[in-house]
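Engineer: One structure follows; several queries about it will come next.
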Amino acid sequence: MKQKSASLAKITSPILTKVFPRKRLFGLLDRSRDRPVVWVSGPAGCGKTTLVGSYLQARALPCLWYQVDEGDADPATFFYYMGLAAKMAAPRKRKPLPLLTPEYLPGISTFTLRYFEDLYNRLKIPSVLVLDNYQEAPADSAFHEVIRRGLSRIPDGLNVVLLSRSDPPRP
């Protein structure tokens with residue numbers, strides 16, 4: 001039961017109640033919607049998750065929420081949990097997203113591109129993919145290249161919001 005709870009926490013958007021609407025910041029996010037990628041950074045506890053979660057609730061935007069952690073340094077782990085998140089976000093899609101198995105490793109770049117294309121096709125337009133706690137991925141991990149490749153395939157009408165305590169990594 002503990003494993004299932006951990007899995008759900010990783011791929012569930014925060015439950016927010018009685019949050020003061022930050023109208024000025026909501027306006028900034030509204031104006032950013034014409035850009036496919038939005039990076040929100042600030043120190044721990046400043047309200048990044050609350051801001052984006054309450055914004056998505058206020059605008060009634062469907063989202064796929066993903067909590068990044070150090071385990072995502074392993075691309076297979078990332079693709080596994082993202083597949084679970086996609087299943088929650090689009091339950092009518094019966095065919096699951098593929099797992100990153102050893103035979104795909106020589107062509108991981110192509111696997112990544114196809115994976116994200118399939119993921120994005122499962123999401124309603126407009127929709128938002130949130131990667132929360134991005135700073136938790138180790139700086140030297142392949143995770144950053146996977147995300148960079150995935151961001152190159154974002155279709156119109158979909159946004160990816162990355163929340164982090166630090167600036168974006170080099171990749």
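Engineer: Using alpha carbons only, what's the Rg to Rh ratio of the chain with Rh from Kirkwood?
Structural biologist: Using Cα coordinates only, the ratio equals 0.94.
Engineer: Within the range 2-164, count lysine pairs with alpha carbon atoms under 17 angstrom apart where the residues are 8 or more positions apart or belong to different chains.
Structural biologist: For the range 2-164, qualifying lysine pairs total 10.
Read-outs throughout are calculated quantities, based only on the coordinates presented, and are distinct from any laboratory measurement. Since the structure is predicted, the reported quantities are computational estimates derived from the model, not experimental observations.
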